[in-house]
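What follows is one structure encoded as structure tokens, with my remarks underneath.
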Amino acid sequence: MVYFKKAIEHFVLWVVCVFLFIGILFLPAKTNYETGQGGQFKSASYDYELDTHIENITGFFSFVKENPGLGEFVPGQSYADRIADKSWKSLLLVVPTLILAYVLGVLKGIFDFRMQKKKLNFLGNGTTWLFISMPDLFFIIVAQIGLMFLYEKGLFFHVTLYGSEKLETYVVGILFLLIYPVFYLANITNVSLQEQQGNDYIRTAQSKGTSGMRILFIHILKNSFPRILAHSNTITLYVLSNLFIVEKLMDFQGAADGLYDAVLRGTGFKIGLEIMVDGVSAVGYTVFFASIILVSNLVTQIFKSLVTPASQEMNHE
Amino acid sequence: MNKSLIFGLIILSFLVIITFIAPYLPFVDTSLKDTVMRQKEDGGFELPPFAPSADFPIGSDHNGVDLLSRLLLGTKETLLTILAIVLIRYIVAIPLAMASFYSRFFHRILIVWNRLFSFIPPIFFVILIIGTPFILFSDNRYLWILIVLAMIEVGRVADIFYQGMVDISKRPYVEAGIVSGSSPLTMLKNYYWPPLRPSFIVQFFSDLGRTLFLIGQLGIIEIFLSVEFVSQLSGGYKTLNTSNVWPTYFVDITHHIWSHPWLPITGTIAIGITILAFSMTSSGLQQYFDKKYKRA
């Protein structure tokens, strides 16, 4: 019941967020340009009008009602097709990244935990610390330049780093997106495993002759999972935010790239022209992003209900 | 021996020293003059960006400005920018945390704020807000962007301090303070603030690092803090960045990364090392306080 209520809450938040974004996107873009003698740009002022704002939003909804395909982007291709196409490409990056981040992150965390008292500790905690402390931007740029350099010297095979057509660009994109989440989760896993150390249930399991690995994976890890899953929202937000960076760096034609194109009227304008967002596409991509967050929150909720013992349900909301 | 604190502070003090002495260094060209074209040794001309050479130790930017001078002079601007963002964030977040501790109404606001932002990826939000004409053409655009960047994480910071205060309120010594008749202000000053101070300092440094990372990311997608509108051949106007802040070295990165790699490399190394210094200082301070208050 608790979980059902939570699911409803997430859904309401999703609706509120989408409407909030639509409100921002359809801010009236009526701008008064002030020009000099030769018609050159001097300054621009902006006055907000509530009526136009409401008109914009209602206009958008009636437009959607009349055009199920959201109108034509180019002859033969509707906006809806284009948005779906770009979103699908991004989905192929985001979903494997999120799944792999948890698998690899938890494994790295266990590795760090086991290396703790050994000489080679720098391989465990050292690497995790380094990758959390340095921005992943640094590693991505170094990797791109490095791969190119190695290929030039003939030391490495050719990897396509640009575009979104080939399979290998997806692999590279996923790897870039994975860098930070994996090490972030490794750190969380390691800390929560350490907290469990010395608990009575571990000693009980040991006294019954259960093997060390079995205790670690089945007994301790299950108790650590609620702590790890508490960070799921941070991870999802980080991956989606980083998607903008990775798509830009790789020239990947996905949803982040589409949203950026649709919204960022801020990079250039012409006098006399009403700068306006490509509202239709922007709303499409916004719904896509918000839905990913919604689905990931719901999935986490399901996992939480599976791993949280009934006695702790109240503590790990 | 607290290695990370020492290393972190050494790098940070080095950066602070640079901000003060950079204009007086002999190899720094404070005028940042453009070199539009230059003659090659074997005859012929070349256009900027110039590769690293004797004139330009780490190369030049696309206007032919010496990159090393820009880098060193930009240190001050970069550090001041992130400091301003984090200060604005804390000026809003700390009172919000305290208010939500004392009043249910403000606590509601904090919860709603946090829930809402848990549905908004930060970069997504920045793109959306900065694109609005209200901010784009504002005379105080720079200030507005600072405020937007500060607001993004107000909820997170406020929540950390709110939780901290709730934890403290459960300790016995707080009851003793209430029983002895301390006023709410004395309670705040003498009972709540001292145990919160260490986490405040640790959090502050880690936030500085996070903020630098965020403006670095924004640099990649070409959102800059201060811009000027520049006339284009097509009759349109394009925003052009006009500062020396490090993230601006990422401009046109997909184009420069192969042909003129020294531009993005310089930017990413400067940002990377500074963020490393902030996180080292932050985790070093954490260790220091843990040891001091015997919490380790």
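Below is a table of values for the structure above.
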{"item": "Residues of region B:117-127 classified as surrounded by fewer than 22 Cβ atoms within 10 Å (Cβ to Cβ), assigned to a helix (DSSP H, G or I) and at the interface with another protein chain (Cβ under 7 Å from one of its Cβ atoms), total", "result": "1"}
{"item": "Count of region B:81-116 residues which are surrounded by fewer than 22 Cβ atoms within 10 Å (Cβ to Cβ) and either facing chain A (nearest Cβ under 8 Å) or among the polar types (S, T, N, Q) (or both)", "result": "4"}
{"item": "Scan of region B:151-174 for residues that are basic (Lys, Arg) and in a helix (DSSP H, G or I), ordered by number", "result": "B:ARG156"}
{"item": "Region B:1-19, residues that are surrounded by fewer than 12 Cβ atoms within 10 Å (Cβ to Cβ) and either modelled with pLDDT under 90 or farther than 21 Å from B:LEU68 by Cα (or both)", "result": "B:MET1, B:LYS3"}
{"item": "Some residue of region A:140-153 being away from every other protein chain (no Cβ under 14 Å) and either under 18 Å from B:ILE220 (Cβ atoms) or surrounded by fewer than 13 Cβ atoms within 10 Å (Cβ to Cβ) (or both)", "result": "yes"}
{"item": "Some residue of region B:246-253 being modelled with pLDDT under 85, more than 16 Å from the chain's Cα centre (by Cα), among the charged types (D, E, K, R) and under 26 Å from B:THR30 (Cα atoms)", "result": "yes"}
{"item": "Test: A:HIS53 is at pLDDT 85 or above and within 14 Å of chain B (Cβ to nearest Cβ)", "result": "no"}
{"item": "Pair list, Cβ under 6 Å, 6 or more apart: region A:145-158 residue free of Cβ contacts under 8 Å to residues at least 40 places away in the same chain, other residue outside any helix (DSSP H, G or I) and not hydroxyl-bearing (Ser, Thr, Tyr)", "result": "A:ILE145/B:PRO261; A:LEU147/A:VAL159; A:LEU150/A:PHE156; A:TYR151/A:HIS158"}
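The values are calculated or read from the model by the stated rules, or taken from the named source; none is laboratory data. Fair warning: this is a prediction, and the values are worked out from it, not measured in the lab. Cβ coordinates were reconstructed from backbone atoms using ideal geometry, including for glycine residues, and neighbour counts include every protein chain displayed.
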